[in-house]
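For reference, the structure is listed below as structure tokens.
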Amino acid sequence: MQMNTLGRSGLKVSKLCFGTLTMSPLQRDMAPEDGAKLLVHAYERGVRFLDTADLYGTYPHIRLALKDAPDYVISTKAYCYDRKTAQEALERAYRGIGRDYVDLFMLHEQESLYTLRGHEEALEYLAEQKRLGHIGAVGVSTHFVGCVKAAPRFPMIDVIHPLINLEGIGIQDGTRQDMEQAILAARSAGIGIFAMKPLGGGHLIASSRDALQYAVSSPLLDSVAVGMQSEQEIDANVAFFEGAQDAGAYLEPLRHRQRRIMVHDWCEGCGRCRDRCRQKAISIIDGRANIDQSRCVFCGYCARVCPQFCIKVV
Ligand code: SF4
Ligand code: SF4
């Protein structure tokens with residue numbers, strides 16, 4: 001497995017990053033033991049980087065996996081906007097994964113220069129924790145070109161976790177080419193880049209070979225987070241990232257597994273899911289949530305805010 005340095009953070013990470021959202025309660029809802037087994041399987045095949053979030057609920061899975069996979073570089077992220085919320089989120093991460101150190105801690109879902117300025121106190125706190133040796137690097141995750149463009153203005157940001165894929169699915173304020181230009185400028189400023197959603201949240205599964213080839217061969221990306229739900233998927237992705245001659249054949253069984261999001265009948269039309277969705281994929285029609293599957297990136301974040309537990313990503 002190719003190992004890369006994540007920009008000026010100096011973190012050494014595998015090109016394939018294990019994205020744990022898919023095993024989380026927001027999606028497949030795997031038991032910690034089952035999730036940990038997959039993480040260890042990937043580790044044994046050379047994967048050395050994993051991504052999680054305060055929101056995902058996968059700290060227990062990771063904590064278990066670390067017993068047999070101690071050298072994983074761990075990236076997590078949270079919605080913090082000031083010193084207090086950042087401190088609380090960092091402490092949850094320490095307790096959750098059972099370490100007193102986080103390799104990479106990011107602000108989740110940043111959008112623009114203005115949201116970065118609005119969260120500057122949290123960034124400064126994280127930079128201070130980095131100086132004290134409690135964090136390896138500070139970063140931001142985003143679906144917005146505007147955030148990637150603005151990030152180099154903030155010297156405390158070492159890493160960006162942007163959404164980018166072959167067709168630009170899910171990018172909120174521009175095209176794939178716009179995002180590539182912004183990433184190039186950020187890289188030139190020394191910022192490490194690890195991409196999210198190379199398969200467009202599932203929309204590109206039917207063309208996964210081309211979509212993964214784009215991500216693997218892009219010189220702009222130090223690492224790429226891929227959600228994996230089975231040993232078969234891990235083996236296929238590892239083979240592909242390692243450039244196996246028959247890597248396309250490994251991916252073939254996965255081509256027919258399409259993602260879906262469902263809203264159960266007992267939806268009360270409160271609109272909380274609509275307000276939560278940054279992709280603007282939800283509208284309330286006739287008193288029920290209606291999801292535009294073509295805009296949805298299957299993140300499951302809307303499911304988390306539904307008081308009736310009506311939303312399920314499968
Ligand atoms: S949050 Fe739940 S109950 Fe409210 S509109 Fe959305 S799906 Fe329906
Ligand atoms: S509808 Fe839900 S799962 Fe789809 S993009 Fe919006 S928040 Fe994510």
Shape category assigned to segment 74-113 from the gyration tensor of Cα positions, a/c cut at 1.5: oblate
Charge dipole (debye, nearest 20) of the chain; +1 at Cβ of Lys and Arg, -1 at Cβ of Asp and Glu: 300 debye
Per 0.36 nm of contour for each residue apart, how much would the distance between Met1 and Asp68 grow if the chain were fully extended, relative to their Cα-Cα spacing? 22.3 nm
How many angstrom lie between the C-alpha centres of segment 299-313 and segment 171-243? 26 Å
Any number yet on Rg/Rh for the chain, C-alpha, Kirkwood? 0.94
Which Cα, out of Met23, Gly98, Cys310, lies furthest along the positive dipole direction of the chain (beta carbon charges, K/R +1, D/E -1)? Cys310
Per-q log10 I(q)/I(0), segment 261-313, q = 0.13, 0.19, 0.32 Å⁻¹ (Debye; single scatterer per alpha-carbon; no solvent): -0.22, -0.50, -1.64
The rounded separation in angstrom of the Cα centers of segment 8-24 and segment 135-153 is 16 Å
Expressed as a whole-number percentage, the relative contact order of segment 150-193 with C-alpha contacts under 8 angstrom and at least six residues apart is 48 percent
With runs of 4+ DSSP H residues as the only contributors, calculate the mean residue ellipticity of the chain at 222 nm using -39,500 (n - 2.57) per run, divided by the residue total and rounded to the nearest 500. -9500 deg cm²/dmol
Linear extension gain, Arg176 paired with Gln293, 0.36 nm per residue minus alpha-carbon span: 40.1 nm
Points 7 angstrom from Cα along the Cβ direction at Asp29 and Arg8: gap in nanometres? 4.4 nm
Could you work out the mean projected area of the convex hull around the alpha carbons of segment 38-80, in square nanometres to one decimal? 2.9 nm²
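Where a number appears in this text, it was derived from the coordinates with a stated rule and is not lab data. What you are looking at is a predicted structure, and each value in this text was computed from that prediction instead of being measured. In this analysis, Cβ positions are derived from the backbone assuming ideal geometry, glycine residues included, and neighbour counts consider all displayed protein chains.
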